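Single-structure report; data block below.
The values are calculated or read from the model by the stated rules, or taken from the named source; none is laboratory data. These numbers were taken from a predicted model, which means no experiment stands behind them. With ideal geometry, Cβ positions are generated from the backbone for all residues, glycine too; neighbour counts draw on all protein chains shown. Accessible surface areas use protein heavy atoms only, side chains included; no ligands, DNA or RNA. Shrake-Rupley method; radii C 1.70, N 1.55, O 1.52, S 1.80 Å.
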Amino acid sequence: MIHPVLAAAAHGQYPEWAQLGDARRLHTARVAALMAEWADVIAPGDAARWRAAGHLHDALRDAPADELRRMLGDRCLDWPDPLLHAPAAAQRLQHDGVDDESFLLAIADHPLGSSQFDALGWVVYIRDF
C-alpha cells in the first residue's frame, strides 16, 4: 500500500511544505510522466510510486539554502547549497510518515546517485540528470 502523501504526489498534489515555483512544477511533472512510462516497463504495477518520486524529487528545490541547512542540522554540512533540497525533502517525507527506504533514498541522493539505489533511485537520478 502506498503512503497517502505519495498517493497524492502521484497525482501532482504536493505536500504543504513543498517549495517550488511554476517552472520547477513543470519540470517535476515532466519527470513524473516519464517515470510512469518507464515504470510500466521496469516495475509494472508501481507507476504511482514512481510518478510520486518524479513529482517529489525537487519538492524543496526552490527553498532558501539557509532554511534547508537549519532543517538538516549537522547532516550534509559539506554539501553545496544546490544539493541540499534532496536530503531535506527526504527528511520531510520521513517526518510525514513515509517509511519506504528505497523511495527516501531515491529522493535524498538523486543529485549525486548512490551505490545503494534500486531501479527507482537510478531512474530518478538518470531522468533528473
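Okay, residues lined up against (1) modelled with pLDDT of 95 or more; (2) of a type in the set (D, E, K, R); (3) more than 17 Å from Phe129 (Cα to Cα):
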position: Trp17; (1), (2), (3): yes, no, yes
position: Gly54; (1), (2), (3): yes, no, no
position: Gly73; (1), (2), (3): no, no, yes
position: Trp79; (1), (2), (3): no, no, yes
position: Ala88; (1), (2), (3): yes, no, yes
position: Arg92; (1), (2), (3): yes, yes, yes
position: Asp96; (1), (2), (3): yes, yes, yes
position: Asp109; (1), (2), (3): yes, yes, no
Point to revise | Tabulated pairs, the range 76-91, first open to solvent by 60 Å² or more (accessible area, probe 1.4 Å), second assigned to a helix (DSSP H, G or I) and modelled with pLDDT of 95 or more, C-beta under 7 angstrom, 6+ apart or interchain | key: Asp81/Ala65
Check your understanding: How many of the residues in the range 52-99 are hydrophobic (A, V, I, L, M, F, W, C) and either within 14 Å of Tyr14 (Cα to Cα) or assigned to a loop (DSSP other than H, G, I, E, B) (or both)?
Key -> 14
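In contact (Cβ under 8 Å) with a residue 12 or more places away in the chain, touching a His at 6+ places or on another chain (Cβ under 8 Å), within 19 Å of Leu105 (Cα to Cα) and hydrophobic (A, V, I, L, M, F, W, C): does that describe Ala48?
On the way: in contact (Cβ under 8 Å) with a residue 12 or more places away in the chain: yes; touching a His at 6+ places or on another chain (Cβ under 8 Å): no; within 19 Å of Leu105 (Cα to Cα): yes; hydrophobic (A, V, I, L, M, F, W, C): yes.
So Ala48 fails the test.
Starting from residues that are open to solvent by 60 Å² or more (accessible area, probe 1.4 Å) and closer than 18 Å to Ile126 by Cβ, keep the ones in the range 92-115 and report whichever is farthest from the chain's Cα centre (by Cα). Before the answer, list the steps.
Quick first cut of the range 92-115, residues open to solvent by 60 Å² or more (accessible area, probe 1.4 Å) only: 92, 94-95, 99, 101, 112, 115.
When the remaining residues are screened for being closer than 18 Å to Ile126 by Cβ, the result is 112, 115.
Numbers: Leu112: 13, Ser115: 17 Å.
Only one residue tops the list, namely Ser115.
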Review point. Out of the range 1-26, which residues are over 19 Å from Leu104 (Cα atoms) and open to solvent by 40 Å² or more (accessible area, probe 1.4 Å)?
Key: Asp22, Ala23, Arg24, Arg25, Leu26
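Residue by residue, here is whether (1) among the charged types (D, E, K, R); (2) within 16 Å of Ala7 (Cα to Cα) holds:
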residue	(1), (2)
Ala86	no, no
Ile107	no, yes
His110	no, no
Gln116	no, no
Arg127	yes, no
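Only one residue in Gly54, Gly73 is of a type in the set (Gly, Ala, Ser) and touching a Ser or Thr at 6+ places or on another chain (Cβ under 7 Å). Which one? If you could, list the steps in order and put the result at the bottom.
Details: Gly73 fails: touching a Ser or Thr at 6+ places or on another chain (Cβ under 7 Å).
Answer to the selection: Gly54.
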**Study point:** Filter result for the condition that a residue is in a helix (DSSP H, G or I), of a type outside the set (Val, Ile, Thr) and free of Cβ contacts under 8 Å to residues at least 24 places away in the same chain, over Glu37, Glu16
**Key:** Glu37
Check your understanding: Could you count how many residues in the range 27-53 are open to solvent by 40 Å² or more (accessible area, probe 1.4 Å) and of a type in the set (Val, Ile, Thr)?
Key -> 2
